[in-house]
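Below: the structure, in structure tokens.
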Amino acid sequence: MDNLDNDRLGTGEAQVDLSEQESIRREKLKELQDAGKDPFVITSFPQDRHSAEIISNYDSLEGKPVAIAGRIMTKRIMGKASFVHIADRDGQIQAYVRLSEIGEESYADFKKMDIGDIVGIKGEVFKTQQGEVSVKASEATLLSKSLRVLPEKFHGLKDPDLRYRQRYVDLIVNPEVKEVFLKRVAIIKSIRGFLDNRGYIEVETPILQTIPGGASARPFKTHHNTLDLEMYLRFALELPLKKLIVGGFERVYEIGRNFRNEGMSIRHNPEFTMLELYEAYTDYHGMMDLIEDLMRSVAMEVNGTLKLEYGEHTVDLEPDFQRLTMVDAVKKYSGVDFDEINSVEEARVIAKKHHIQYEERHAKGDILNLFFDAFAEKNLIQPTFITDYPIEISPLAKRKPDKPEYTERFELFITAREFANAFSELNDPIDQRMRFEHQALMKSLGDDEANDIDEDFMSAIEYGMAPTGGLGLGVDRFVMLLTNSASIRDVLLFPTMRPIE
């Protein structure tokens, strides 16, 4: 056998640490290859049924020929007959393999198959004496050899770190994990259907940007060699979508990945999925109504109920969501009324009294937000809109006409977590430039999450942008809520992990 074959079988020096069972599996593969039965030369198998379809339609399929394929999950050898459970995309089904049906040579090969191997079975549908819907095999073909041993049946893959790193194994041995991700697919499909039915148009905007904007965050930086240009991975979808509003698309949305070069936690991953949508001729009140309707519609379609179990809480999406201004929320949970504070100096005195850490660059509105983070957010378990954010932390939202130090903005909180952020979008280019200039000043004073001035966006809104409501929904957090998942890593197929040296 040439060097390529030796490397493929793992007999080179790079894999001297094989376990005994892994070595045995490689020996089995070599025997098959020497006998001209290499499973890896097989290119296809005529699979025509899946497990759930056969089980649910047994009455019409009894005695009919089928071809199934999947991974061997259990195996019982009983002399001249054997039972295996085959896992496919829909679940598992039992196959009955008998020497007299498939022949002596094929049965001998079958007995050497291991749990984890991929096999194709042709046969007839029947029920065992115990009443289990099964397939009586007439052919059993090894389609792929598993050279690694799956985790032990009854304990499975439990270590969270290993589960996230080896999601492929997690999906094989923990069926409930696959159900979470199938539900994620259904949730995103339901979101799209809801918006499409309301006349929204789905679009795609650039991931690589020359100026990151649309949120307060730290970007990932990269370099374009041909243009010799510093570029950034987007951390928000906002500005390109609003340019499309300027161009005459009255309702647009995008579901896409954002990237933020920030900390990691059970709520945060450096890359995550956002829904952002923009609708001309409405405001943040219209966005409140929209997100309530969207969340109820998706929850009912996917879960069949508006009462969601999440950890120790039962979240009820049916009643109207509570609405509190940020000032009222801080007053309710800390006792401090920021409407009675008239200067940043007074705000600093109150902050020190309540042990709130602030920076010299922080204005009154920044300190109000720090109070909210410290006292109010942890209490917002049921769906709650926090409205009227201070202008200092809302550079892209319209001012409130009667309170110009605040903006027409809300964030939606559920289970003490932010789920959505929305504005009456700022369409006054003169005010917008002033806000951007303030952000640039904040960046020069050390705020590395402040916005840069995006001159192309400024040019766009100078042509005129209709009054617009805009909204962003954290898709991953919404999936967490609907699947009762404690960590964002539980709803991302491939979460970001530190490499193992």
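In order along segment 43-50, the phi-based Karplus estimate (6.51 cos²θ - 1.76 cosθ + 1.60, θ = phi - 60°) of 3J(HN,Hα) comes to 9, 7, 8, x, 4, 10, 9, 10 Hz; Gly and Pro are listed as x. Backbone N atoms of segment 99-132 closer than 13 Å to the 7 Å Cα→Cβ label point of Phe83 belong to residues 127-132. In this structure the amide hydrogen of Ser138, modeled in the peptide plane, comes within under 5 Å of the amide hydrogens of Lys122, Gly123, Glu124, none closer than 5 places in sequence on its chain. Straightening the chain between Lys307 and His355 buys 13.5 nm, computed as 0.36 nm per residue apart minus the Cα-Cα spacing. Gain on full extension, evaluated as 0.36 nm per residue between Ile453 and Phe45 minus their Cα-Cα distance, stands at 141.2 nm.
Among the listed values [x] 22, 58, 19, 0; [y] 23, 53, 21, 3, 0; [z] 19, 41, 27, 13, 1, the one computed from these coordinates for P(r) over Cα pairs in 20 Å bins from 0, in percent is [z].
Please compute the Kirkwood hydrodynamic radius of segment 3-150 from all pairs of different C-alpha atoms, in Å with one decimal.
Working: mean 1/r = 0.0621 Å⁻¹.
It is 16.1 Å.
Scalar couplings 3J(HN,Hα) for segment 217-227, obtained by applying the Karplus form with A = 6.51, B = -1.76, C = 1.60 to θ = phi - 60°, are 6, 9, x, 8, 10, 9, 9, 8, 5, 4, 7 Hz; x denotes Gly and Pro.
Placing R0 at 56 angstrom, the Cβ-Cβ distance between Tyr281 and Lys112 gives a FRET efficiency of 0.20 after rounding to 0.05. Total lysine pairs in segment 3-150 at Cα distances under 14 Å, for residues eight or more apart or on different chains: 20. Were the residues from Ser138 through Glu462 laid out at 0.36 nm apart, the gain over their Cα-Cα distance would be 109.4 nm. With each label modelled as a point 7 angstrom along the Cα→C-beta vector, the Leu162-Ile266 pair spans 2.2 nm.
Applying the Karplus relation 6.51 cos²θ - 1.76 cosθ + 1.60 with θ = phi - 60° to segment 417-426 yields 3J(HN,Hα) values of 10, 6, 10, 9, 9, 8, 9, 7, 5, 5 Hz, where x marks Gly and Pro.
Put simply, the amide H of Arg323, placed in the peptide plane, has neighbours under 5 Å in Phe385, leaving out anything fewer than 5 places away on its chain.
I need to check one value: relative contact order of segment 232-381, counting alpha carbon pairs closer than 8 Å and at least 6 residues apart, in percent.
Dividing the mean separation by the residue count of segment 232-381 yields 14 percent.
For Met465, no residue 5 or more places off, or on another chain, has a built amide H under 5 Å of its own.
Calculate, for Leu208 and Ser444, the FRET efficiency according to 1/(1 + (r/R0)^6) with r their C-beta to C-beta distance and R0 25 Å; round to the nearest 0.05.
0.45
To make sure I understand the rule: partners must be aspartates and glutamates, Cα under 12 Å from the Cα of Lys378, and not fewer than 8 residues away in the same chain. Which ones qualify? Counting by Cα, and skipping residues close in sequence, Lys378 has these aspartates and glutamates nearby: Glu418.
What is the sum of charges around Asp59, taking Lys and Arg as +1, Asp and Glu as -1, for the other residues whose C-beta is under 13 Å from the C-beta of Asp59? Result for the local shell: 0.
Just so you know, all these numbers are worked out from the coordinates, no wet-lab data involved. Just so we're clear, the structure is a prediction, and the values are computed from it rather than from any experiment. Virtual Cβ from ideal backbone geometry, glycine too; neighbours counted across all protein chains shown.
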